[in-house]
Number of protein chains: 2
Amino acid sequence: MRTLTVDLGERSYPIIIGRGLLNTAAEYLLQQSISNQSSLLLVTDDQVASLHLAPVLKSLEEAGFSVTVSIVKSGEQSKSLAVFEEVMTKAIEAGLDRNSAVLALGGGVVGDLAGFVAATYMRGIRFVQLPTTILAHDSSVGGKVAVNHPLAKNMIGAFHQPELVLYDVDTLKTLPDREVRAGYSEMIKHGLIWDASFAAWCLAHVTELLELQPEALAYGLEQGCAVKAMVVSQDERENGLRAILNLGHTIGHAIEAVAGYGEYVHGEAIAIGMIGSALIAVARGRDIQVYEDTRRLLKAFGLPVSLSPHVDTEQLIGALLHDKKFKNNKIVFVLPITVGQVEIVSDISLDEVRNAIGQLKREAI
Amino acid sequence: MRTLTVDLGERSYPIIIGRGLLNTAAEYLLQQSISNQSSLLLVTDDQVASLHLAPVLKSLEEAGFSVTVSIVKSGEQSKSLAVFEEVMTKAIEAGLDRNSAVLALGGGVVGDLAGFVAATYMRGIRFVQLPTTILAHDSSVGGKVAVNHPLAKNMIGAFHQPELVLYDVDTLKTLPDREVRAGYSEMIKHGLIWDASFAAWCLAHVTELLELQPEALAYGLEQGCAVKAMVVSQDERENGLRAILNLGHTIGHAIEAVAGYGEYVHGEAIAIGMIGSALIAVARGRDIQVYEDTRRLLKAFGLPVSLSPHVDTEQLIGALLHDKKFKNNKIVFVLPITVGQVEIVSDISLDEVRNAIGQLKREAI
Ligand SMILES: NC(=O)c1ccc[n+]([C@@H]2O[C@H](COP(=O)([O-])OP(=O)(O)OC[C@H]3O[C@@H](n4cnc5c(N)ncnc54)[C@H](O)[C@@H]3O)[C@@H](O)[C@H]2O)c1
Ligand SMILES: NC(=O)c1ccc[n+]([C@@H]2O[C@H](COP(=O)([O-])OP(=O)(O)OC[C@H]3O[C@@H](n4cnc5c(N)ncnc54)[C@H](O)[C@@H]3O)[C@@H](O)[C@H]2O)c1
Ligand SMILES: [Zn+2]
Ligand SMILES: [Zn+2]
């Protein structure tokens, strides 16, 4: 078992990573003084529910918690205002009060959705993350919660830190192969933005990681969480440093919005976005090496490094204009300098992005 | 012109009360470093728009602001998730960015709705209150923003303080008589919970206040805001003291939810609720004087002091169970001790509430 802390003063919380943790979930909740006197709402998706809900419920009910379960459909489409409203209705009908907590059992979709419910139910109640995807080593840490608007990703949201991230790595064994790969996209991102040696370690351990070998997996998740926790501790509300976590997300979010929240899963979209950022950096004079290193790493994990030509460029540009990184008519981009180091550049023009998208579609530089 | 400050450290902000302020709204925005480089979204309702939008727009546009206007239907029904989504769409289409601000021109409905948009658009952008009702001396101060759920009032919301409250009392001249009276309900509440001499002053100046005589009006608004600002400064997130502002709101919110957000306007519902609280206090042994004083004050302003018998008691109880003041199977109530002083009591039983509702319907003690 490994424990990290997200250091945010009175809002600090532990990330506990280990095997079989869901079987004793109740103990960890009680340790965070979440009492069994107030009802809980557990939000999950249908796929995760069929695989991993039973042990959590058993632990909670045996400890005297009264739990209402809200099961949403698996997939990015559930990060919508309509589903948000359904979950809210459940919460009200379940009689959640100010001492209640919302639990998210699942990947980033469930975490972001349930977190936004917790952030806004009665103007904010407690929240616990029980991540079940590799990608969620990123999404479950840091308190960004949101739903999507048809026009733009994560547009409606809040900052709302969890009380606890309880990461049972045994759940990851049932992940479909595509989701395993997609999850590593954010892990690679954590290497690319901050830690060249971790990026090198990822490349050297592709096989172990893709096979979910316990030791490599736990180490990778811990390192990924550590980068995320460190950045968030320094800049909770993204006034500066935290923006580096958006590497690949400007183009990535546009791809998700235009392709309709589903064709590409999040990890895939940001893999393409990270390649796009490297292309822009190279066009601005960086050594082509940074593009090649990024590409090699993502390809090794079977992640896409080019964009399907049917995704319309001008629609992507339109979505970009709605993104949170568009400011005073310039686009803010995170660009790689070299592996392990990025910079935030705030004067990227639409034409630079158009060129990068063109290259992404031709897969040629 | 009178200026008060809500004292919340780096989230402090001024409340400016005076005549004709909307004609120079842009100046006040610029003073709060809201720059004309980012677009603004102004949210208002159709009734307010027809009366008071033009001068604000003129001032803003002359100062180089680019403003998108979102006009919702007048009335409590607009405090819904559906209307929230419409306003969000406007905000995205208008290209609001992280430096943008949302302006609320109107009463508490527009303020609460626009405030929740500001709190959640891109996880929070700046917010300015331009109140146009008497009631909004309460709602525009303190940062509670929310929309309603069909099952319970204000259930979906956040704490999000404005940057500025710019209160142009000239707008109040066009208020319908019913809304004038309803607005004084919260002003009376501020006397009842904190300041017996202010309550006495209100009673002594009923005529001047109902006629909106400028001096009495400005003094009343200032004192009302002052009580609210003081309480909020001490307890922004309602961990203790702030709960006293809920006098009358437990029964009041239930009435609004059951009667369907419209039959009673908010100020009327909480007038009845304040009588209900006094009835419970008297049933628990307080001197009947506190009931009689409360009743006299509210009646003097033409506010309802009894409940229409067709509002179903058990439906009210059902709504109460969904309210934010229901905790560990007991109901938390603010009860009067005497005029100017209240206590927070957390063990009120449903039967005590049932009895009070019965008395409210019979208008008999
Ligand atoms: N809040 C943040 O800081 C943050 C950071 C990164 C990503 N995100 C968001 O996270 C989302 C992506 O997260 P995700 O990739 O975890 O998506 P997800 O939650 O949709 O999970 C991916 C798929 O795997 C299934 N699944 C989950 N756990 C499983 C398990 N243990 N076994 C079998 N199947 C399982 C799900 O049902 C789903 O079909 C995106 O919406 C993205 O915007 C948020
Ligand atoms: N956030 C808080 O702390 C807080 C506190 C108290 C009340 N509230 C909320 O405030 C709402 C009630 O506010 P309200 O009474 O201002 O309601 P409102 O905004 O609906 O305004 C009342 C009516 O007056 C009209 N109107 C507004 N200004 C006018 C003007 N100058 N001239 C003519 N007509 C005008 C409106 O169109 C509306 O029909 C409720 O939803 C209540 O829950 C919130
Ligand atoms: Zn991401
Ligand atoms: Zn009120």
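The values are calculated or read from the model by the stated rules, or taken from the named source; none is laboratory data. Computed from a predicted structure; not experimentally measured. Note that each Cβ is placed from the backbone with ideal geometry, even for glycine, and that neighbours are counted across all protein chains shown. Surface accessibility is based on the protein's heavy atoms, side chains included, excluding ligands, DNA and RNA. Shrake-Rupley method; radii C 1.70, N 1.55, O 1.52, S 1.80 Å.
In table form, for the structure just shown:
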{"item": "Average partner coverage of B:151-159, which counts Cβ from other chains inside 10 Å", "result": "5"}
{"item": "Separation of alpha-carbon centers, the stretch A:204-265 and the stretch B:1-57, rounded to whole Å", "result": "40"}
{"item": "Cα gyration tensor shape of the stretch A:21-178, rounded if a/c is under 1.5, else prolate or oblate by comparing a/b with b/c", "result": "oblate"}
{"item": "Calculated [θ] (222 nm, deg cm²/dmol) that DSSP helices of n ≥ 4 give over the protein assembly as shown, each run adding -39,500 (n - 2.57)", "result": "-14500 deg cm²/dmol"}
{"item": "Solvent exposure of the stretch B:177-364 as accessible area per residue, Å², 1.4 Å probe", "result": "37"}
{"item": "Which of B:P162, B:G108, B:P131, positive extreme of dipole for the stretch B:76-180 (C-beta unit charges)", "result": "B:P162"}
{"item": "Candidates B:S78, B:S308, B:S35: whichever shows maximal mean-square fluctuation once chain B is modelled as a Gaussian network with Cα springs under 10 Å", "result": "B:S308"}
{"item": "Residue (of B:L245, B:L350, B:Y264) at the positive-pole extreme of the stretch B:177-364, dipole from beta-carbon charges", "result": "B:L350"}
{"item": "Per-residue average of Cβ from other chains inside 10 Å of B:119-128", "result": "5"}
{"item": "Given charges at beta-carbon only (K, R positive; D, E negative), |dipole| of chain A in Debye", "result": "540"}
{"item": "Candidates A:P162, A:P304, A:P176: whichever shows maximal mean-square fluctuation once chain A is modelled as a Gaussian network with Cα springs under 10 Å", "result": "A:P176"}
{"item": "In the stretch B:2-174, lysine pairs closer than 27 Å at Cα, eight or more apart or cross-chain", "result": "15"}
{"item": "Area accessible to solvent at B:W201, 1.4 Å probe radius, in Å²", "result": "50"}
{"item": "Centroid-to-centroid separation of the stretch B:340-365 and the stretch B:101-158 [C-alpha atoms, Å]", "result": "29"}
{"item": "Interchain or long-range residues, amide H under 5 Å from B:G107's placed H", "result": "B:T132"}
{"item": "Most mobile of B:K144, B:K228, B:K173 in a GNM of chain B (Cα contacts under 10 Å)", "result": "B:K173"}
{"item": "Among A:A146, A:L175, A:S233 - extreme Cα towards positive end, dipole of the stretch A:145-238, charges at beta-carbon", "result": "A:A146"}
{"item": "Inter-copy spacing of B:G64 label points, which lie 7 Å from Cα along Cα→Cβ, given in nm from shortest upward", "result": "6.5"}
{"item": "FRET efficiency for B:A283 and B:T89, using Cβ-Cβ distance with R0 set to 56 Å, rounded to 0.05", "result": "0.70"}
{"item": "Residue-averaged beta-carbon neighbours from other chains (10 angstrom radius) around B:29-35", "result": "0"}
{"item": "Cβ charges +1 (Lys, Arg) and -1 (Asp, Glu), total dipole of the protein assembly as shown, debye", "result": "160"}
{"item": "Approximate shape of the protein assembly as shown as ellipsoid semi-axes (Cα gyration tensor, √5λ), whole Å, largest first", "result": "49, 31, 19"}
{"item": "Carbon/sulfur fraction of accessible area - the protein assembly as shown, other protein chains in place, 1.4 Å, %", "result": "47"}
{"item": "Amide hydrogen neighbours beyond the local backbone of A:F127, cut-off 5 Å, H modeled", "result": "A:V102, A:E163"}
{"item": "A:T207-B:R178 FRET efficiency (beta carbon distance; Förster radius 60 Å; 0.05 resolution)", "result": "0.20"}
{"item": "Estimated dipole of the stretch B:177-364 in Debye, rounded to 20 [Cβ of Lys and Arg +1, of Asp and Glu -1, Cα centre]", "result": "440"}
{"item": "Cα shape, the stretch B:34-118, gyration tensor, a/c 1.5 rule", "result": "oblate"}
